[in-house]
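Q: So that we are looking at the same thing, I have put the structure below in C-alpha cells.
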Amino acid sequence: MNNLLTQAILVTLVAFVGYMHSYVGSTMHNRPIVMGALVGLVLGDLKTGIIIGGTLELVFMGAVPIGASNPPDMVSGAVIGTAFVIVSDAEIGMAVTLAVPIASLVLLFDNFQMSVLLPWMSHIADKYAAQGDADGIDRVTRIASIGNKVVLSLVVGISFYLGVPMIETILAVIPEWITRGFDVAAGIIPALGFAMLAKMLVTKETVAFLLLGFLLTAYLGLPTFGVALGGLVVALILINNNNNNTVKEIDDDDF
C-alpha cells in the first residue's frame, strides 16, 4: 500500500468521524478547528493542522444550518484543505483558498442525496410502516443515515487521493506573487466569517456590547480572553436581573 493511499484512507476516516456528529446528537465535533487538528494528527503534523483548523474556523464561524438551509460543507472543506496543505507543504493561505470552493461543491452533492436518494429511502420506510414492521423502519433509517455519511466520506477521500498529484503539479508552477496573494486572502477571508456571525447576532440591543469590547481591546489594550470573561460577567448579571424581574412580575400578578 503506497503512502498516498494510506493517507487517503486516514483522511476518509477523519471525514467520517466529522460527518457522524449529527448521528450522535450534533456534538459539533465537525467544526474545522476539530477536523483540522484530527487531519494534522493522522498526517503527522498536528501543529499545522491546529493552525489551519483555527483559521478555517474563522471562515466558517457563521456557517450554521437553519431549517432546510444548509451552509457549505465545512467538513470536506476543512479536511481536504488541511490535508492538501500538509502533504504539499504549501502556505497556510492555500487551505482557505481551497476550502471554500470544495465545501460548496460537496454541498451540491449532499443536497442531491437529501433531495433524491434519502426521500427514496423514506418511501421504503413507509412500506415497513404500513406493515407494522418497526424493526424494518429502524433498519432503513440507520442504513440511510450512516450510508449518507459513508458516501460523503468516500467523496472526500477519493478527492484527496486524486487531487494531491494535480495540486502538487499546480503549486510547482504557480508564481510566488500568487501564493503570497493567497496568504493575504487568508488574512482577509476570516473577516467574512466574523461578518456572517455578526449579521446574525448584532442587534440594536447588543451592538453597544460589541462596541464596548472593541474599545476595551483597541484603546485599553485588554486581551481578548479578558474581554470575554468580562462579557460573561455582564451576561450573568443581565440573566439574573431578568429572572428577578420575571419573579417580581409573577408575584405582582398573584397579589
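The values are calculated or read from the model by the stated rules, or taken from the named source; none is laboratory data. Note that the structure is a prediction, hence the values are computed from the model and not measured. Cβ: placed from backbone, ideal geometry, glycine included. Neighbour counts: every protein chain shown. To get the accessible areas, we keep the full protein, side chains included, count just its heavy atoms, and leave off ligands, DNA and RNA. Shrake-Rupley method; radii C 1.70, N 1.55, O 1.52, S 1.80 Å.
Q: Go through the stretch 80-98 and give me each residue that's touching a Phe, Trp or Tyr at 6+ places or on another chain (Cβ under 8 Å) and among the aliphatic types (A, V, I, L, M).
A: Selection gives Ile80, Ala83, Ala90, Met94, Ala95, Val96, Leu98.
Q: Continuing with the same structure: Give the residue, chosen from Ile102, Ile86, that is outside any loop (DSSP other than H, G, I, E, B) and either farther than 25 Å from Ile146 by Cα or at pLDDT below 75 (or both).
A: That would be Ile86, the only listed residue that is outside any loop (DSSP other than H, G, I, E, B) and either farther than 25 Å from Ile146 by Cα or at pLDDT below 75 (or both).
Q: Is it the case that some residue within the stretch 113-135 is modelled with pLDDT under 85, under 30 Å from Leu5 (Cα atoms) and open to solvent by 70 Å² or more (accessible area, probe 1.4 Å)?
A: yes
Q: Something else about it: Scan the stretch 1-52 residue by residue and report those that are of a type in the set (D, E, K, R) and farther than 19 Å from Asp73 by Cβ.
A: Of everything in the stretch 1-52, those that are of a type in the set (D, E, K, R) and farther than 19 Å from Asp73 by Cβ turn out to be Asp45, Lys47.
Q: Within the stretch 13-44, track down each residue that is of a type outside the set (A, V, I, L, M), at pLDDT 85 or above and open to solvent by 50 Å² or more (accessible area, probe 1.4 Å).
A: Phe16, Gly44
Q: Within the stretch 13-63, track down each residue that is hydroxyl-bearing (Ser, Thr, Tyr) and in a helix (DSSP H, G or I).
A: Tyr19, Thr48, Thr55
Q: Right, another one. State all residues of the stretch 8-33 that are hydrophobic (A, V, I, L, M, F, W, C), more than 18 Å from Gly157 (Cβ to Cβ) and out of contact with any His (no Cβ under 9 Å at 6 or more places or on another chain); if no residue qualifies, say none.
A: Val24, Ile33
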